[in-house]
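Working notes, beginning with the structure itself.
The values are calculated or read from the model by the stated rules, or taken from the named source; none is laboratory data. The structure displayed is predicted, hence computed values, not measured ones. Cβ placement follows ideal geometry from the backbone for every residue including glycine, while neighbour counts extend to all protein chains displayed. The accessibility values were calculated without ligands, DNA or RNA, using every heavy atom of the protein model including side chains. Shrake-Rupley method; radii C 1.70, N 1.55, O 1.52, S 1.80 Å.
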Amino acid sequence: MTAAPDIRIAEEDRLRADLYNFLGLILARPADQGLIDQTAGLTGDESPIGEAVTTLAKVARLSKPKAVESEYNRLFIGLGRGELLPYASYYLTGFLNEKPLALLRQDMTARGLARAENVFEPEDNIASLMEMMGAMIVGRFGTPATLGQQKSFFNKHIGPWAGHFFSDLEGAKNSVFYAPVGRLGRAFMELEAEAFRMSAE
C-alpha cells in the first residue's frame, strides 16, 4: 500500500483559490448570518483587492440576512428576471444556454467535472465558474491544475466576461451588500488576467 502523494500548494495559490471560493460562495445564494458574520470579520490592506475587502467587511457589519436575501433576489432572480444575468453565455452572446456553455461543458467533461444533481442552474454562471477555478488551483477534484491549465480555463471561460459582470454588479441600482462584492471581483479578475498575461506557461 502506498501513501497518497503529499500535494504542496504554494501559499499564494491557496490564497487565490480561497478568494475564488469565497466569490463562488457569496454569489451562489443569499448570504446567511454565518457568511455575513464571516465577511464582517475580514480585513484588507492598501491594495485594490484589500480596499474592496475592507469596504465589504464594513457593509457586512451593517447587513441583515433578510435585507441581503431581498437584494440578491432583486439582482439575480426578480419577477421574470433579475437586474443581472450572471452567465457567460448571456454576457458573450446576449442569450442563455449558448456556445460558451457548450464549450464549458466539454472542458468540464474532459476534467471529470459534472454539475451536481441538486443544481439546476446552467454551469456557466459566475458562482460555479469561481468555484471551479478555486477547485482546479488546489486540486479538489484530482491533481492541481498547472498554471498553463489554469490560464487556459480562465482565458476561455472567465476572462472574456467576468470583469464586465463584476463591474455591472458594483454599479447595479439594487447593489448595496453586493456592490463591494462586485468591486472585489473586478479587482481580482484584473489581477488574475494580468498575472496570466505575464506568465510564461
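Quick notes on this one:
- Shape class of the range 89-201 from the alpha-carbon gyration tensor: oblate, with a/c at 1.5 or above and b/c at least as large as a/b.
- Counting lysine pairs in the chain whose alpha carbons fall under 27 angstrom apart, excluding pairs fewer than 8 residues apart on the same chain, gives 6.
- Ordering 129-140, 111-122, 8-19 by mean Cβ neighbour count within 10 Å, with the highest value first, yields 129-140, 8-19, 111-122.
- Local electrostatic count at Ala127 - Lys and Arg +1, Asp and Glu -1, tallied over other residues with Cβ under 11 Å: -3
- With protein chains left intact and a 1.4 Å probe, residues in the range 115-159 average 46 Å² of accessible area per residue.
- Two-decimal ratio, the chain, of alpha-carbon radius of gyration to 2.2 N^0.38 Å: 1.03
- With every protein chain in place, the range 1-119: carbon and sulfur % of accessible area (1.4 Å): 55
- Per residue, the Cα convex hull of the range 108-160 amounts to 80 Å³.
- Amide H partners (placed H, <5 Å) of Gly82, local residues excluded: Ile77
- Mean projected area in nm² (Cα convex hull; one quarter of hull surface) for the range 22-133: 8.4
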